[in-house]
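My structure is below; once you've seen it, I'll send some questions.
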Amino acid sequence: QVQLVESGGGLVQAGGSLRLSCLASGRTVTIYKMGWFRQAPGKEREFVAAISWSGDGTRYADDVKGRFTVSRDNAKNTVYLEMNSLKPEDTAVYYCAVSRTPLGRIDPGAFASWGQGTQVTVSS
């Protein structure tokens, strides 16, 4: 079992930046990839970005490409989501999750363990 704790959320003005962190503990040797998802009120949870645990591959949702960057520090068992040029529509609770499936699978069902989420609010 892998435990995940997100941090770094907050309130920021449109155009600003935030960096989210996700610390993994437990059986991290079972991780193949880690992903970031978000869920806004009244909407379904949606994929944002993912990175292979080896760091040799990344994937992004179309609406965050060029603005968000996912990275990892295996020595710290931590994955980051650097978010720039934030927009009000980026407002959501952001979750990290781990998966044993290939990077090509980005549906929520492919991810086995989830963090508790961190709120990101972008004001206009």
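The values are calculated or read from the model by the stated rules, or taken from the named source; none is laboratory data. Computed from a predicted structure; not experimentally measured. Positions of Cβ are generated from backbone atoms using ideal geometry, with glycine treated the same way; all protein chains shown enter the neighbour counts. Only protein heavy atoms, including side chains, enter the accessible area calculation; ligands, DNA and RNA are left aside. Shrake-Rupley method; radii C 1.70, N 1.55, O 1.52, S 1.80 Å.
All but one of (1) more than 13 Å from the chain's Cα centre (by Cα); (2) under 18 Å from T30 (Cα atoms); (3) not aliphatic (A, V, I, L, M) hold for G66; state the number of the condition that does not hold.
Unmet condition: (2).
Please identify the pairs in which a residue from region 27-42 that is over 20 Å from D56 (Cα atoms) has its Cβ atom under 6 Å from the Cβ atom of a residue that is among the hydroxyl-bearing types (S, T, Y) and open to solvent by less than 10 Å² (accessible area, probe 1.4 Å), counting only partners at least 6 apart or on another chain.
Every condition considered, the pairs that remain are R38/Y94.
Give the residues of region 106-115 that are over 22 Å from P41 (Cα atoms) and outside any loop (DSSP other than H, G, I, E, B), sorted by residue number.
Quick first cut of region 106-115, residues over 22 Å from P41 (Cα atoms) only: 110, 112.
Passing the criteria: only A110.
Quick one: is K87 farther than 26 Å from Q1 by Cβ and free of Cβ contacts under 8 Å to residues at least 24 places away in the same chain? Walk me through how you get there before you give the answer.
Numbers: farther than 26 Å from Q1 by Cβ: yes; free of Cβ contacts under 8 Å to residues at least 24 places away in the same chain: no.
Against the criterion (farther than 26 Å from Q1 by Cβ and free of Cβ contacts under 8 Å to residues at least 24 places away in the same chain), K87 does not qualify.
Let me ask you something else. G117 versus (1) open to solvent by less than 70 Å² (accessible area, probe 1.4 Å); (2) in contact with a Gly (Cβ under 7 Å, 6 or more places away or on another chain); (3) over 20 Å from T30 (Cβ atoms): which is the lone unmet condition?
Result: G117 fails condition (2) only.
If a residue counts only when it is of a type outside the set (K, R) and open to solvent by less than 50 Å² (accessible area, probe 1.4 Å), which strands (runs of 3 or more DSSP E) contained entirely in region 1-105 have at least 2 such residues? Break it down into steps so the answer makes sense when it comes.
Details: elements: 2-7, 10-13, 18-26, 33-39, 46-52, 58-60, 68-73, 78-83, 92-99.
Hits in region 1-105: 2-7, 10-13, 18-26, 33-39, 46-52, 68-73, 78-83, 92-99.
Quick one: S124 ticks every box in (1) open to solvent by less than 40 Å² (accessible area, probe 1.4 Å); (2) under 18 Å from A40 (Cβ atoms) except a single one, so which number is it?
Of everything listed in (1) open to solvent by less than 40 Å² (accessible area, probe 1.4 Å); (2) under 18 Å from A40 (Cβ atoms), S124 misses just condition (1).
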